[in-house]
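Notes follow once the structure below has been shown.
The values are calculated or read from the model by the stated rules, or taken from the named source; none is laboratory data. Since this is a predicted model, take the numbers as computed values, not measurements. No Cβ is skipped: glycine too gets one built from the backbone with ideal geometry, and neighbour counts run over all protein chains shown.
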Amino acid sequence: MDVLWLGQPACHDLSMVGGKVACLSQLAADYRVPLGFCLTTVAFDRWTAGEGATSPPPPFRDALADAYLGLAERCGVPDPRVAVRSSAIDEDGRNASFAGQYETYLNIMGIEAVIEAVARCRESLRSPRVLEYRRKNGLSLDSARLAVLVQQLVPSDVSAVMFTANPVTRDRSEILINASWGLGESIVGGTVTPDTFVVRKRDLAIESRHVAERSG
């Protein structure tokens, strides 16, 4: 299956949709999640098998274009702005998170722009940065497989990333939240110093907070 929509049962299969999409699809079962679809690892495997083609083959382009038009219909917008997000099968692992390693493209609009962003996400699977990260973490390139999520973009004044276990202290009784102005990619990519809050799970009390200095 080349395209799966968030919330479909098959969209929980990590081997087909990668860690990010599998988790989002599970979340979509009980919470409001922006609409989106996933180009599966199967679709990218078929593309790669096409003698190393750098541009997407016609069947891949057609499936992506049809899905984007379907998203436009569901959103009620002719050319919805989307986030194009990599979702690898081995990201968010116990020993390697791959945070900020693969590419994400925001504010993408129109079929051709989406196709280009998806192709660039695919290229990031073997970027020098990712190859070095895999080497340092003892991960074989043979196991590298990628899916890509195309998801309705929600404009935001403030964004946050929440860890349900403190990744700094490894304390599972704490929640760590990083927050900053604008879209969340600046936090994940490390281009801003976010505000940081540590919250105690037991009673949701804030144990500590650090508000980053703002320039200007």
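Quick notes on this structure:
Quick grid of which residues meet (1) in contact with a Pro (Cβ under 8 Å, 6 or more places away or on another chain); (2) part of a strand (DSSP E or B):
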residue	(1), (2)
R134	no, no
G138	no, no
V150	no, yes
V154	yes, no
M162	no, yes
D171	no, no
V192	no, no
F197	no, yes
E207	no, yes
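- Verdict on L139 being within 24 Å of V33 (Cβ to Cβ) and in the same structural domain as M16 (by TED's automatic domain parsing): no
- For the stretch 1-115, the helices (runs of 4 or more DSSP H) that sit wholly inside it and include 3 or more residues that are at pLDDT 90 or above and under 13 Å from the mean Cα position of the chain (by Cα) are 14-28.
- Screening P59, P80 for residues that are over 22 Å from G19 (Cα atoms) and surrounded by fewer than 17 Cβ atoms within 10 Å (Cβ to Cβ) leaves exactly one candidate, P59.
- Taken over the stretch 129-145, the criterion of being within 20 Å of R46 (Cβ to Cβ) and crowded, with 16+ Cβ neighbours inside 10 Å is satisfied by R145 alone.
- Residue within the stretch 146-156 that is β-branched (V, I, T), surrounded by fewer than 17 Cβ atoms within 10 Å (Cβ to Cβ) and more than 20 Å from the chain's Cα centre (by Cα) present: no
- Checked against (1) touching a residue at least 12 places away in the same chain (Cβ under 8 Å); (2) polar (S, T, N, Q); (3) more than 20 Å from G110 (Cα to Cα), S55 passes all but condition (3).
- Only one of the numbered conditions (1) in the same structural domain as T104 (by TED's automatic domain parsing); (2) surrounded by 14 or more Cβ atoms within 10 Å (Cβ to Cβ); (3) assigned to a loop (DSSP other than H, G, I, E, B) is violated by R126, and that is (2).
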